[in-house]
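Asker: One structure, pasted below without further comment.
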2 protein chains.
Amino acid sequence: MKTTTRCFEIVAKCPGAKARAGLLKTPHGNIETPVFAPVGTQGSVKTLLSQDLEKLRVQLILGNTYHLYLRPGVDVIQKAGGLHRFMSWNGAILTDSGGYQVFSMEQLRRISEEGVEFRSHIDGSLHFLSPEKAIEIQFALGSDILMCFDECAPYPCTEEHARKALEQTYRWAKRCQTAFASPSAGAVPLPEGEGAGRPGEAKLLYGITQGSIYSALRTESTRQLVELDFPGYAIGGLSVGEPHDAMHDMVALSTDLLPEDKPRYLMGVGTPDDLWEAIEQSIDQFDCVLPTRNGRNGQLFTSVGKLNLKNAPYREDLSPPDPDCDCDLCSRYSRAYLHHLFRAGELSALRLASLHNVAFLIKLMRKIRQSIIDGTFAVQKKRFLETYRNQGESI
Amino acid sequence: MKTTTRCFEIVAKCPGAKARAGLLKTPHGNIETPVFAPVGTQGSVKTLLSQDLEKLRVQLILGNTYHLYLRPGVDVIQKAGGLHRFMSWNGAILTDSGGYQVFSMEQLRRISEEGVEFRSHIDGSLHFLSPEKAIEIQFALGSDILMCFDECAPYPCTEEHARKALEQTYRWAKRCQTAFASPSAGAVPLPEGEGAGRPGEAKLLYGITQGSIYSALRTESTRQLVELDFPGYAIGGLSVGEPHDAMHDMVALSTDLLPEDKPRYLMGVGTPDDLWEAIEQSIDQFDCVLPTRNGRNGQLFTSVGKLNLKNAPYREDLSPPDPDCDCDLCSRYSRAYLHHLFRAGELSALRLASLHNVAFLIKLMRKIRQSIIDGTFAVQKKRFLETYRNQGESI
């Protein structure tokens, strides 16, 4: 059960570039890659319903193990038949391991070789996460794509710190792999049916590489994880505050080392610009809170660049927020209306802007994928970024 | 232009009771009465989109003149082609006159025979509302059903205060009628097309009766307004804190005095119980913030009574919030999921609960109307209230 390469199929490659279009098979559907996963931290993509995600043709969402473990608790989700059933979502779900969250709680955690003891940010209660426990919880949630429990070093961090983190990540990756291979150890399997997804399609455990922005460490971590032969690889520890160029250097370096036939997942990205750049470097998967978080702040991704709808010039602007969009916002409401809803503190503003931003990124991914298949990636990337960067506001 | 009785048609009456089913003609559609209007104070029924209202078959919503006048401002809404176009809503809109709001701002207003000077609750700027101005604004918003500028006395209030308020209301009602009949005085008419609604159907100006809970005053006010011959009548100054029985006594008294062939509108009501009671007394129209406000607080109207989804017992309750409902909440999500969303502070909780409550009241009104047509009103009222009152929680 160590690995299966059959879960991923490359359907097209860019002539003269690394970008590729693929198909990722999961118990909840075949995902067309490159794919962007909106983040549903607490079992809900903020302000959106599963009905909305379906309508937008979202294929994959991310759930946060740490948050769901604390609230509502694994018992509730298990009783509901898994996270898919709990949130009425029949697409694929990727869960993180909780590592990122517990490591970012510097005041509330104690790290050992065994795992991380931490206090709940909700009620201060004491909990323990380990590689085995992280896999057990992800199994109980019914995740389609599970992530290894890793140590994500902060940015900036010393080379020594980054080295220790990647070594810990490697040792824990091996333990995750073992726990994943023998789920009887702790996890209660989901009942048959929708909650467990299609029979015959395996759940996938991804390894996560670390190494901060130190090329030698990034190389070492990637080689270690590749040696363990995971069905997919996440590039972790980036998009945590490092310079933009450093991130893309690390991505280019990592993708050169990762096996061609496995999906590549850049965690925590991103912006429309970063998506084009990273896909050019052969990244297949992304997740990011940006579309919903920016949406709640009134910031829209649009075909004419970034717009902040809270700004005064939109008070009387009767044009659609994005003239090139047919989402529930742009097909019916003006910039002036959205501006008003934000100014008046109406919750529908948050929803409409989030909905549009998710729609924008999902459609962008489809467009990019098609451009790879058509062999027009380079041209379209150039065209998109010129318009996007030149016409929007600086927000 | 003083009146038209053709706007309202009674299609069925309850044998042995006052309840009736009717059809109210407006520039934005024929409304089946009794009708419940969700409140869209600031050009948005809180947490819901116009798409949602259409799907729920909402026929009429209420917009607040005071709020819309201050923000976004009449200029913006006029530029958009009226409130219908601004908020992309093609159903009917009733606007209040702003009287209720400016009279409730005791610290911020100065009353004269001419009108009310008040300070904006948003930025403290000084404004003036009068009968003529209230009509002018409502014309500019493109309202289908306009309300007279009235003085709504608070509860409790002395008989003397109530008398002064109803006399003021009467004098202002006459001025509203005059302003309504000659819109050229101040208002800029809406451009042709969707914003102005169907040609040939008249906008309606309703009179509002006052009199607090003093029977003699209520009688006097109702007679005064009836004498002015409005196409519809609102019963104002109720649902402002008075005892439940006093409200229903005033409703019964008022409806006995109002002309049979005009629509009767009880402002600020209500709860499912009150809707049944008031419809039994021949009320045709309602508006209330309750479905959305209660929804945002986690309180649901359901076929098995009121439920507070935030309460602990729902943590593991996998049944639908209302087993007898097919709305976007009940058709897909469990009580446990909604409970989780509320506990986790997810905005979708507010939306789902609001959506359900509006759906519940809209469907209830259809059911009541049908029972009037079928002649089963009394039986169905008894059956509904027995279930509703006995099985719910006390919230």
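The values are calculated or read from the model by the stated rules, or taken from the named source; none is laboratory data. Keep in mind it's a predicted model, so treat the numbers as computed, not measured. We place every Cβ from the backbone using ideal geometry, glycine too, and count neighbours over all the protein chains shown. Calculation scope for accessible area: heavy atoms of the full protein, side chains included, ligands and nucleic acids excluded. Shrake-Rupley method; radii C 1.70, N 1.55, O 1.52, S 1.80 Å.
Asker: Name the residues in the stretch B:103-125 that are farther than 13 Å from B:Y66 by Cα and either open to solvent by 80 Å² or more (accessible area, probe 1.4 Å) or in a helix (DSSP H, G or I) (or both), would you?
Answerer: Result: B:E106, B:Q107, B:R110, B:E113, B:E114, B:D123.
Asker: Pick from A:V76, A:V45, A:V58: which is more than 30 Å from A:C157 (Cα to Cα) and without any contact (Cβ under 8 Å) to a residue 24 or more places away in the chain?
Answerer: Unique residue meeting the criteria: A:V76.
Asker: Evaluate the following for A:T222: is it of a type in the set (S, T, Y), under 26 Å from A:K367 (Cβ atoms), at pLDDT 95 or above and in a helix (DSSP H, G or I)? I'd like the intermediate steps shown before the answer.
Answerer: Values: of a type in the set (S, T, Y): yes; under 26 Å from A:K367 (Cβ atoms): no; at pLDDT 95 or above: yes; in a helix (DSSP H, G or I): yes.
Judged against the criteria, A:T222 is not a match.
Asker: Here are some conditions: (1) more than 14 Å from every other protein chain (Cβ to nearest Cβ); (2) free of Cβ contacts under 8 Å to residues at least 60 places away in the same chain; (3) of a type outside the set (D, E); (4) touching a Phe, Trp or Tyr at 6+ places or on another chain (Cβ under 6 Å). A:S50 meets all but one. Which one does it not meet?
Answerer: Failed condition: (1).
Asker: Hand me the list of strands (runs of 3 or more DSSP E) wholly inside the stretch B:1-98 holding 3 or more residues that are touching a strand residue (DSSP E or B) at 6+ places or on another chain (Cβ under 6 Å) and open to solvent by less than 10 Å² (accessible area, probe 1.4 Å).
Answerer: B:20-26, B:35-38, B:60-63, B:92-95
Asker: State all residues of the stretch B:200-219 that are farther than 18 Å from B:E167 by Cβ, part of a loop (DSSP other than H, G, I, E, B) and touching a residue at least 60 places away in the same chain (Cβ under 8 Å); if no residue qualifies, say none. I'd like the intermediate steps shown before the answer.
Answerer: Filtering the stretch B:200-219 for residues farther than 18 Å from B:E167 by Cβ gives B:200-206.
Those left that are additionally part of a loop (DSSP other than H, G, I, E, B): B:200-203.
B:E201, B:A202, B:K203 - these are the residues of the stretch B:200-219 that are farther than 18 Å from B:E167 by Cβ, part of a loop (DSSP other than H, G, I, E, B) and touching a residue at least 60 places away in the same chain (Cβ under 8 Å).
Asker: If I ask for residues that are facing chain A (nearest Cβ under 8 Å) and open to solvent by 40 Å² or more (accessible area, probe 1.4 Å), which ones from the stretch B:330-339 would you list?
Answerer: Listed by number, the list holds a single entry, B:R332.
Asker: Which of the residues spanning the stretch B:200-219 are buried (at least 24 other Cβ atoms within 10 Å of the Cβ) and modelled with pLDDT under 95?
Answerer: none
Asker: From (1) closer than 22 Å to A:P320 by Cα; (2) away from every other protein chain (no Cβ under 14 Å); (3) open to solvent by less than 10 Å² (accessible area, probe 1.4 Å); (4) among the hydrophobic types (A, V, I, L, M, F, W, C), pick out the condition that doesn't hold for A:L352.
Answerer: For A:L352, the exception is condition (2).
Asker: Regarding the stretch B:363-378, can at least one residue be identified that is assigned to a helix (DSSP H, G or I), among the polar types (S, T, N, Q) and open to solvent by 10 Å² or more (accessible area, probe 1.4 Å)?
Answerer: Step one: filter the stretch B:363-378 for residues assigned to a helix (DSSP H, G or I), giving B:363-374, B:377-378.
If we keep only those that are among the polar types (S, T, N, Q) as well, we get B:370-371.
Now restrict to residues that are open to solvent by 10 Å² or more (accessible area, probe 1.4 Å): B:370.
Yes: the stretch B:363-378 contains one or more residues that are assigned to a helix (DSSP H, G or I), among the polar types (S, T, N, Q) and open to solvent by 10 Å² or more (accessible area, probe 1.4 Å).
Asker: Still on this model: If you go through the stretch B:343-375, how many residues are of a type in the set (K, R) and over 20 Å from B:G16 (Cα atoms)?
Answerer: 4
Asker: Do any strands (runs of 3 or more DSSP E) lying entirely in the stretch B:233-314 carry at least 3 residues that are open to solvent by 40 Å² or more (accessible area, probe 1.4 Å) and not aliphatic (A, V, I, L, M), and which ones are they?
Answerer: Once the strands (runs of 3 or more DSSP E) in the stretch B:233-314 are filtered for at least 3 residues that are open to solvent by 40 Å² or more (accessible area, probe 1.4 Å) and not aliphatic (A, V, I, L, M), nothing remains.
Asker: Just checking, how many residues over the stretch A:320-356 are part of a helix (DSSP H, G or I) and closer than 23 Å to B:L68 by Cβ?
Answerer: In the first step, residues of the stretch A:320-356 are kept if they are part of a helix (DSSP H, G or I); the result is A:335-343, A:347-356.
This time we only want the ones that are closer than 23 Å to B:L68 by Cβ, so: A:335-343, A:347-353.
Within the stretch A:320-356, residues that are part of a helix (DSSP H, G or I) and closer than 23 Å to B:L68 by Cβ number 16.
Asker: Is there a residue in the stretch A:108-116 that is within 14 Å of another protein chain (Cβ to nearest Cβ), under 14 Å from A:A134 (Cα atoms) and in contact with a helix residue (DSSP H, G or I) (Cβ under 8 Å, 6 or more places away or on another chain)?
Answerer: First, pick out the residues of the stretch A:108-116 that are within 14 Å of another protein chain (Cβ to nearest Cβ): none.
No, the stretch A:108-116 contains no residue that is within 14 Å of another protein chain (Cβ to nearest Cβ), under 14 Å from A:A134 (Cα atoms) and in contact with a helix residue (DSSP H, G or I) (Cβ under 8 Å, 6 or more places away or on another chain).
Asker: May I pose another question? Would a scan of the stretch A:58-72 turn up a residue that is within 28 Å of B:A312 (Cβ to Cβ) and more than 14 Å from chain B (Cβ to nearest Cβ)?
Answerer: Checked the stretch A:58-72: at least one residue is within 28 Å of B:A312 (Cβ to Cβ) and more than 14 Å from chain B (Cβ to nearest Cβ).
Asker: If you don't mind, another one. Which pairs turn up if I take residues in the stretch B:279-306 that are under 17 Å from B:V35 (Cα atoms) and look for partners that are assigned to a helix (DSSP H, G or I) and of a type in the set (A, V, I, L, M, F, W, C) with beta carbon separation below 6 Å, at least 6 apart in sequence or on another chain?
Answerer: So the pair list comes out as B:I279/B:I368; B:Q281/B:V251; B:Q281/B:A252; B:P291/B:V358; B:P291/B:L361.
Asker: Going through the stretch B:300-326 one residue at a time, which ones are over 17 Å from A:G82 (Cα atoms) and within 11 Å of another protein chain (Cβ to nearest Cβ)?
Answerer: Matches in the stretch B:300-326: B:Y314 only.
Asker: May I ask you to verify whether A:T26 is under 22 Å from A:K363 (Cβ atoms), polar (S, T, N, Q) and more than 10 Å from chain B (Cβ to nearest Cβ)?
Answerer: Yes, satisfied.
Asker: Something else about it: What number of residues within the stretch A:318-329 are among the charged types (D, E, K, R) and buried (at least 18 other Cβ atoms within 10 Å of the Cβ)?
Answerer: Summing the residues that are among the charged types (D, E, K, R) and buried (at least 18 other Cβ atoms within 10 Å of the Cβ) in the stretch A:318-329 gives 2.
Asker: Inspect the stretch B:384-391 for any residue being of a type in the set (A, V, I, L, M, F, W, C), open to solvent by less than 10 Å² (accessible area, probe 1.4 Å) and either in contact with a helix residue (DSSP H, G or I) (Cβ under 8 Å, 6 or more places away or on another chain) or assigned to a loop (DSSP other than H, G, I, E, B) (or both) and give the result as yes or no.
Answerer: The answer is no; no qualifying residue exists.
Asker: Follow-up question, since we're still on this one. Can you spot a residue in the stretch B:340-349 that is among the small types (G, A, S) and either more than 9 Å from chain A (Cβ to nearest Cβ) or touching a strand residue (DSSP E or B) at 6+ places or on another chain (Cβ under 8 Å) (or both)?
Answerer: Initially, the stretch B:340-349 is screened for residues among the small types (G, A, S), giving B:344-345, B:348-349.
Filter again for either more than 9 Å from chain A (Cβ to nearest Cβ) or touching a strand residue (DSSP E or B) at 6+ places or on another chain (Cβ under 8 Å) (or both), leaving none.
No, every residue in the stretch B:340-349 fails to be among the small types (G, A, S) and either more than 9 Å from chain A (Cβ to nearest Cβ) or touching a strand residue (DSSP E or B) at 6+ places or on another chain (Cβ under 8 Å) (or both).
Asker: All but one of (1) of a type in the set (S, T, Y); (2) within 18 Å of B:D284 (Cα to Cα); (3) over 25 Å from the mean Cα position of the chain (by Cα) hold for B:S371; state the number of the condition that does not hold.
Answerer: For B:S371, the failing item is (3).
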